1. So if I place +1 on the C-beta of Lys and Arg and -1 on the C-beta of Asp and Glu, and nothing else carries charge, what would the dipole magnitude of the chain be about its Cα centre? I want it in debye, nearest 20.
2. For the chain, take the longest principal axis of its alpha carbons; what is the angle in degrees between that and the long axis of helix 60-70, to the nearest 10 within 0 to 90?
3. How much of the accessible area of the chain, in percent, comes from carbon and sulfur atoms when a 1.4 Å probe is used?
4. Roughly how many nanometres apart are two label points built 7 Å out from the Cα toward the Cβ at Asp47 and Leu11?
5. What full-extension length gain, to one decimal in nm, is calculated for Arg19 and Glu31 as 0.36 nm per residue of separation minus the Cα-Cα distance?
6. Could you point to the residue in Phe14, Ala43, Ser61 farthest towards the positive end of the chain's charge dipole, with +1 and -1 charges on the Cβ of Lys/Arg and Asp/Glu respectively?
7. Here are labelled values, (1) 15.0, 48; (2) 21.2, 59; (3) 18.4, 63, and one is the computed Rg and Dmax of the Cα atoms in Å for what I pasted. Which one?
8. What are the residues whose amide H is under 5 Å from the amide H of Val39, where those residues sit 5 or more places off or on another chain and H is modelled from the backbone?
Amino acid sequence: MFFLGLHNIQLNVFSYNVRGIRAYEKVGFREIGRRRGAVRLGAERFDTVMMDITADEVDTSRMRALVKLLE
């Protein structure tokens, strides 16, 4: 985000994707809201989980190391 000049990134993920939610939380995303029962999969309804992260919450040292590997 630092390199792109972004301050806030938001994403949506379905509540049945527990591994995805954990992965997003691991890199710093936080849940900011839910749309309850927003999606139906077969006979079940699931929430849409909204998450975001701000530039202040990103560990730029790890990001810079990864960019150097790509150079």
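1. Magnitude of the dipole: close to 280 debye.
2. The two axes meet at around 80 degrees.
3. 52 percent
4. 1.8 nm
5. Result: 2.9 nm gained on full extension.
6. It is Ala43, whose Cα lies furthest towards the positive end.
7. Correct label is (1).
8. Amide H neighbours of Val39, under 5 Å, 5+ apart: Phe46, Thr48.
The values are calculated or read from the model by the stated rules, or taken from the named source; none is laboratory data. Since the model is a prediction, treat every value here as computed from it, not as a measurement. Neighbour counts are summed over all protein chains in view; Cβ atoms, including those assigned to glycine, are modelled from backbone coordinates with ideal geometry. We work out accessible area using only protein heavy atoms, side chains counted, and drop any ligands, DNA or RNA first. Shrake-Rupley method; radii C 1.70, N 1.55, O 1.52, S 1.80 Å.
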